Amino acid sequence: LVLEMLASLQEDGEPDLLVELITLFLQETSARLADLAGEPTDAPSTARVAHSIKGSAGNLGASGLQALAARLETAAQEGQVGDTLRTLVADVDAEFRRVERHLRDVRASRLAA
């Protein structure tokens, strides 16, 4: 529904807005998740990255990813570390991979049109 709304903002003769938004989201979120790879022990940094992912996911209607990023942000803000953050980071990453596959399909179909 959000993707349809964004697509409706497309102006004739302009670069495909939805393709650009998807591309930016995929690049930035991949980079943010790479920042969380390994040992997420810096809770303030983890909270900031999770907050960014949460907002970006919400902008594209990826509500599952948004919710998981919100859980990660809250856990980091509460100072949780170790297994809790590692598990939440893994959950966010797995959901991003699912969203990524869908968005890549959407982008490919728009580029082929």
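The values are calculated or read from the model by the stated rules, or taken from the named source; none is laboratory data. None of these values were measured; they are calculated from a predicted model. Using ideal geometry, Cβ is built from the backbone for each residue, glycine included, and neighbour counts are taken over all protein chains shown. Remember, those area values only see protein heavy atoms, side chains included, never the ligands or the DNA or RNA. Shrake-Rupley method; radii C 1.70, N 1.55, O 1.52, S 1.80 Å.
Structure notes:
- Breaking point among (1) modelled with pLDDT of 95 or more; (2) closer than 20 Å to Val2 by Cβ, for Asp91: (2)
- Of all residues assigned to the range 56-72, at least one qualifies as being more than 16 Å from Leu3 (Cα to Cα), over 12 Å from the mean Cα position of the chain (by Cα), at pLDDT 95 or above and open to solvent by less than 20 Å² (accessible area, probe 1.4 Å).
- Which listed residue, of Asp105, Asp12, is open to solvent by 80 Å² or more (accessible area, probe 1.4 Å), in a loop (DSSP other than H, G, I, E, B) and free of Cβ contacts under 8 Å to residues at least 60 places away in the same chain: Asp12
- Residues of the range 81-102 that turn out to be open to solvent by 30 Å² or more (accessible area, probe 1.4 Å) and small (Gly, Ala, Ser), as a count: 2
- In the range 38-55, the residues that are in a loop (DSSP other than H, G, I, E, B) and either in contact (Cβ under 8 Å) with a residue 24 or more places away in the chain or open to solvent by less than 30 Å² (accessible area, probe 1.4 Å) (or both): Glu39, Pro40, Thr41
- Condition check for Leu72: within 14 Å of Glu100 (Cα to Cα) and either in a helix (DSSP H, G or I) or touching a residue at least 12 places away in the same chain (Cβ under 8 Å) (or both): no
- Flag for Glu78 being in contact with a Leu (Cβ under 7 Å, 6 or more places away or on another chain), open to solvent by 20 Å² or more (accessible area, probe 1.4 Å) and of a type outside the set (Lys, Arg): no
- Restricting the first member to the range 79-97 and to residues that are more than 17 Å from Ser30 (Cα to Cα) and part of a helix (DSSP H, G or I), and the second to residues that are hydrophobic (A, V, I, L, M, F, W, C) and at pLDDT 90 or above, the beta-carbon pairs closer than 9 Å and six or more apart or on different chains are Thr84/Ala75; Leu85/Leu72; Leu85/Ala75; Leu85/Ala76.
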